[in-house]
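J.: The structure under discussion is supplied below as structure tokens; questions concerning it will follow.
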Amino acid sequence: MRCLIASDIHSNVEALEAVLADARLRGFDHALCLGDIVGYGADPGVTVGIVRESFDVSVRGNHDAAALNEAERFRFNEYARAAIEWTRDELSGEELKFLEKLPLTDQIDGVHLVHASPEDPPGWHYVTDTLEASYQFEAFEEQICLIGHTHVPLVVSLEGGTIRTESGPKVRLRPSVRYLINVGSVGQPRDGDPDAAYGLLDLDAGVLELRRVPYNAKRARRRILRAGLPEFLGERLLDGV
């Protein structure tokens, strides 16, 4: 089974369409979304529609939750709060219902899916390094757990009692090793590379490919500015920060 993994799309249609086009050229059986479908970007309704049509399994992210519940916004900075309040008004009743039905966690063929952390899904904790990852492995039973939330790719392996970071655009998954995988962000990368990030996970071959896809970030920025959203949200797309 070959899976497309996408996370943190954040209403960036240009980036999402580029990712789907790239993935279709390479082929996949299932498309998995790790949450934060909306927030930040200028096309929440269109983005929700594409995810509904194109993805087999999706989980809820903190921005998806904040679009539904004002209490979820208390941790947001001023830019994120302004964007999610605007997003809430832009979404239709059906689109909000879709977000409301998303589970916090799910699994497919022995792969665990959660937006932030398996240890505390509604706590929206950031897993940014091996130390924080080390606390997560006891919280899921599957060999592989897919996460998002940080907008930065990270692959951490646990073999026996040894935890380490796996590097490279292609990672060979060993049968006796467990993995916590973050493929980065489709719609708002924060690792210094503005290209959209996603993953292709081939469970049969035991290979994870971390891919980057260029897209028209300048157009996405213009759409953000035209929508009256904070300028910072458009500018950061050009630098991947």
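None of the figures in this text is laboratory data; all of them are computed from the coordinates on show. Treat the numbers as computed from the prediction; the structure is a model and nothing was measured. Glycine also receives a Cβ, built like all others from the backbone with ideal geometry; neighbour counts cover every protein chain displayed.
J.: Of the DSSP beta bridges with both residues in segment 84-225, give the percent that are antiparallel, rounding to the nearest 5. Before the final figure, lay out the partial values.
T.: Numbers: 23 of 30 bridges.
Within segment 84-225, antiparallel bridges account for around 75 percent of the total.
J.: Let me ask something additional. For labels at ASP120 and ASP193 in the simple 7 Å Cα→Cβ model, what's the distance in nm?
T.: Distance between the two pseudo-spin positions: 3.1 nm.
J.: Let me know the charge dipole size of segment 1-125 about its Cα centre in debye, to the nearest 20, where only the beta-carbon of Lys, Arg (+1) and Asp, Glu (-1) is charged. Show your work: numbers first, answer last.
T.: Working: 11 positive and 23 negative charges, 31 e Å.
Magnitude of the dipole: close to 160 debye.
J.: By count of other Cβ within 10 Å, fewest leading, how are CYS3, CYS145, CYS33 ordered? Write down the numbers at each step before the final one.
T.: Values: CYS3 23, CYS145 26, CYS33 30.
Ranking CYS3, CYS145, CYS33 by Cβ neighbours within 10 Å, fewest first, gives CYS3, CYS145, CYS33.
J.: Would you mind computing, in nm to one decimal, how far apart the modelled labels at GLU138 and SER176 are, each placed 7 Å from Cα along Cα→Cβ?
T.: Inter-label distance under the simple model: 2.4 nm.
J.: Go ahead and run the numbers for FRET between ARG164 and ARG75, Cβ-Cβ distance against an R0 of 30 Å, rounding to 0.05. Numbers along the way, then the final one.
T.: Working: r = 31 Å, r/R0 = 1.02.
Efficiency, rounded to the nearest 0.05: 0.45.
J.: Hey, another quick one. Could you pull out the GluC sites (Glu not before Pro) across segment 43-119 that fall in loop regions by DSSP (anything but H, G, I, E, B) with no more than 16 other Cβ atoms inside 10 Å?
T.: For GluC sites (Glu not before Pro) across segment 43-119 that sit outside H, G, I, E and B with at most 16 neighbouring Cβ atoms in 10 Å, the list reads GLU119.
J.: Next question, about the same structure. Tell me the label-point distance for the pair THR105, LEU25, using the 7 Å Cα-to-Cβ offset, in nm and rounded to one decimal.
T.: Roughly 3.7 nm, to one decimal.
J.: Taking only DSSP H segments of four or more residues, each worth -39500 (n - 2.57), what value at 222 nm results for the chain once the sum is divided by all its residues, to the nearest 500 deg cm²/dmol?
T.: On the way: 8 runs with 78 residues, N = 241.
It comes out at -9500 deg cm²/dmol, rounded to the nearest 500.
J.: Okay, moving on. Check the straight Cα-Cα distances from LYS218 and name the aspartates and glutamates below 13 Å, setting aside those fewer than 8 residues away within the same chain.
T.: Leaving aside aspartates and glutamates fewer than 8 places away in the same chain, those within reach of LYS218 are GLU14, ASP195, GLU231, GLU235, ASP239.
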